[in-house]
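Take this structure, written in structure tokens, and hold onto it; I'll ask about it next.
The values are calculated or read from the model by the stated rules, or taken from the named source; none is laboratory data. As the structure is a computational prediction, the values presented were derived from the model and not from experiment. Ideal geometry is used to build each Cβ from the backbone, glycine not excepted, and the neighbour counts take in all protein chains shown. Note: accessible area is taken over every heavy atom of the protein model, side chains too, but ligands, DNA and RNA are not part of it. Shrake-Rupley method; radii C 1.70, N 1.55, O 1.52, S 1.80 Å.
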Amino acid sequence: MVGKRAGVIYTVDSVPPAGNPVPGTVLILNGPNLNLLGTREPEVYGRASLADIEAMCRSRADELGLKLEFRQSNHEGELVDWIQAARGRVDVLIINPAAYTHTSVALLDAVMAAQVPTIEVHLSHIAKREEFRRHSYVSLGARGLITGFGAAGYRLAVEAAALLIQQAKAP
Ligand code: CA2
């Protein structure tokens, strides 16, 4: 609670959500070449490997009472299949579509069809990079975007997922 005036209570969303954790399932999908994290381009993408990021997300999800699935694929169709299968099964989708961010209407269509609140994550600040990285098709279907915070952005996305689940399931 941040304020009370004339019987109205003003609240602010807190991350992590205050109170008892609300159970939910979060799916994190990673697009092409993210399996190479930690091996090259540390100045752009940091030193953490994808396994390090997965461990960090699992630890945060455990604290927040969330079930977490974490996957990576270099294949657009496999990502589409996973997004389709998330419908009605997963509470929040977190996706770093990697290079498909900037090219894939198929991923956008899958996200829109799945009707699962989707958080798009990027390690780098895509709006400050080359022109071709500044546009994201997936953003059109995303509930929100976290970009430029490196590996920590994934942890922020798990916290944002907890907030969305709490908002969706709170009485
Ligand atoms: O900043 C991000 O998270 C990106 O989604 C990463 C993609 C890039 O195409 C997007 O524009 C922004 C690249 C992922 C590939 O990562 C590599 C890691 C190490 C070595 C080579 C590529």
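Just to be sure I understand, how many residues within region 98-110 are more than 15 Å from the ligand (Cβ to nearest atom) and open to solvent by less than 10 Å² (accessible area, probe 1.4 Å)?
Number satisfying all stated conditions: 1.
Looking at region 4-18, can you tell me whether even one residue there is under 17 Å from the mean Cα position of the chain (by Cα) and among the polar types (S, T, N, Q)?
Within region 4-18, none of the residues are under 17 Å from the mean Cα position of the chain (by Cα) and among the polar types (S, T, N, Q).
Return a yes/no flag: does region 78-97 have any residue that is closer than 22 Å to F149 by Cβ and outside any strand (DSSP E or B).
Yes, region 78-97 has at least one match.
So, one more: Every residue in region 140-154 that is surrounded by 19 or more Cβ atoms within 10 Å (Cβ to Cβ) and either in contact with a Phe, Trp or Tyr (Cβ under 9 Å, 6 or more places away or on another chain) or farther than 22 Å from G46 by Cα (or both), please.
G141, A142, I146, A151
Output yes when any residue across region 8-21 is of a type in the set (A, V, I, L, M, F, W, C) and within 15 Å of the ligand (Cβ to nearest atom), and no when none is.
The answer is no; no qualifying residue exists.
Something else about it: Only residues in region 140-155 that are away from the ligand (no atom under 12 Å from the Cβ) count as the first member; pair them with residues that are of a type in the set (D, E, K, R) and open to solvent by 30 Å² or more (accessible area, probe 1.4 Å), Cβ under 6 angstrom, at least 6 apart or cross-chain, and list the lot.
R155/R60
Output the residue which, of all residues in region 39-53 that are within 7 Å of the ligand (Cβ to nearest atom) and in a loop (DSSP other than H, G, I, E, B), is surrounded by the most Cβ atoms within 10 Å (Cβ to Cβ).
Among residues in region 39-53 that are within 7 Å of the ligand (Cβ to nearest atom) and in a loop (DSSP other than H, G, I, E, B), the one surrounded by the most Cβ atoms within 10 Å (Cβ to Cβ) is E41.
Considering only residues of region 87-97 that are under 13 Å from R71 (Cβ atoms) and touching a Pro at 6+ places or on another chain (Cβ under 9 Å), which is nearest to the ligand (Cβ to nearest atom)?
The qualifying residue nearest to the ligand (Cβ to nearest atom) is P97.
On the given criteria, is N74 assigned to a loop (DSSP other than H, G, I, E, B), within 26 Å of S124 (Cβ to Cβ) and touching a helix residue (DSSP H, G or I) at 6+ places or on another chain (Cβ under 8 Å)?
Spelling it out, N74 is indeed assigned to a loop (DSSP other than H, G, I, E, B), within 26 Å of S124 (Cβ to Cβ) and touching a helix residue (DSSP H, G or I) at 6+ places or on another chain (Cβ under 8 Å).
Right, here's the next one. Can you find a residue in region 65-84 that is open to solvent by less than 50 Å² (accessible area, probe 1.4 Å), at pLDDT 95 or above and more than 18 Å from the chain's Cα centre (by Cα)?
yes
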